[in-house]
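Enquirer: There's a structure below that I have some questions on.
Values in this text are rule-based calculations from the coordinates and carry no lab data. None of these values were measured; they are calculated from a predicted model. Cβ placement follows ideal geometry from the backbone for every residue including glycine, while neighbour counts extend to all protein chains displayed.
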Amino acid sequence: MEPFTRRPILGHIGNEQVDIKIKFDGKRLSITGDVHDNRSSSMFGQINLSIKPKDIKPLPSWNTPKIAYLWAIWDRWHLNDLRPRCEHQRNWDTSKELEIPVYIWTTAFYNIMQRAESGEMPTHEYELFRIISKRVHDTLFDNNREHVTELMEGNCIKIKETKKQKAGWTTQKEHPEGLLGKPCEICGYKYGSAWLLEPVPEEILEWLKKA
């Protein structure tokens, strides 16, 4: 479909008017709103996140179900060229809160590092230290969880705190349920590795063009 811009007035909230700007550039769909009176705006941008369709007293050309449908389109298709997922990953629960442990090295391991740096460690012991030190580094700084159990049992690392993080921002190295970088089982695309364009259906664009 050819690019178009629409600026419908939906109605009012109290004494303020609710305007919407719908812009399609041939690929990207962008929708913004403006709640204002004659002097200034009280809300601008993604007003659909704060205002419910029933909050708006519609003009004769609109009604609450029609505004609700616009809100559903807004939620589903706004900035359709900035998708972190492929079409098969649409139903992944990327907002699920995961608990991620944050590790630090222990005082015992710090003392071992001091011995190694001072040159007081025998050669055979130093070789073992190099292996363990690499595993500690990978755990603390590269989110590699392969040796966590071994390092904790050996009193090399401990849990400093536990943080909450959404699955869509978490790799599987950090947590088994992490989705960032997880490949799609169908097409192989790794979630979050690029911004993908998801074409807006023609029937949606036709409806918006006439809104």
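Enquirer: At what distance in nm do the modelled label points of residue 120 and residue 92 sit from each other, each positioned 7 Å from its Cα along Cα→Cβ?
Expert: It works out to 4.9 nm between the two label points.
Enquirer: While we're here: List the lysines whose Cα lies under 25 Å from the Cα of residue 210, skipping any in the same chain that are fewer than 8 positions away.
Expert: Once the sequence-local lysines are set aside, what remains near residue 210 is 21, 23, 27, 52, 54, 57, 66.
Enquirer: Taking the Cα of residue 197, stepping 7 Å toward and past its beta carbon, and measuring to each backbone N in segment 8-42: which are under 16 Å?
Expert: Answer for this model: 24-30.
Enquirer: Any idea how far apart residue 210 and residue 57 come out in nm if each label point goes 7 Å out from Cα toward Cβ?
Expert: 2.9 nm
Enquirer: Take residue 1, project a point 7 Å from its Cα along the Cβ direction, then tell me which residues of segment 27-54 have their backbone nitrogen under 17 Å from it.
Expert: 27-32
Enquirer: Which three extents, in angstrom, do the Cα atoms of the chain have along their principal axes, listed largest first?
Expert: That works out to 86, 40, 24 Å along the principal axes.
Enquirer: Label-point separation (nm) for residue 64 and residue 40, each offset 7 Å from Cα along Cα-to-Cβ?
Expert: Reported label-point gap for residue 64 and residue 40 is 3.1 nm.
Enquirer: Which of the lysines could a cross-linker bridge to residue 158, judged by Cα under 24 Å and excluding same-chain residues fewer than eight apart?
Expert: 134, 166, 173
Enquirer: Using per-residue counts of other Cβ atoms within 10 Å, averaged over each peptide, order 85-95, 167-177 from highest down. Let's see the in-between values first.
Expert: Values: 85-95: 14.2, 167-177: 16.4.
Taking the mean over residues of other Cβ atoms within 10 Å, the ranking is 167-177, 85-95.
Enquirer: Ranked from highest to lowest mean number of other Cβ atoms within 10 Å per residue, what is the order of the peptides 118-128, 67-77? Show your work: numbers first, answer last.
Expert: Values: 118-128: 10.1, 67-77: 17.1.
Listed from highest to lowest mean packing, they are 67-77, 118-128.
Enquirer: Could you list the residues of segment 107-142 with an amide nitrogen less than 13 Å from a label point located 7 Å from the Cα of residue 158 in the Cα-to-C-beta direction?
Expert: Correct set: 107-111.
Enquirer: Using the Cα centre of segment 76-168 as origin and beta-carbon charges of +1 (Lys, Arg) and -1 (Asp, Glu), tell me which of 133, 118, 101 is placed farthest towards the positive end of the dipole.
Expert: Result: 101, furthest along the dipole toward the positive end.
Enquirer: Express in whole angstrom the spacing between the alpha-carbon centres of segment 151-165 and segment 107-135.
Expert: A separation of 20 Å, based on Cα centres.
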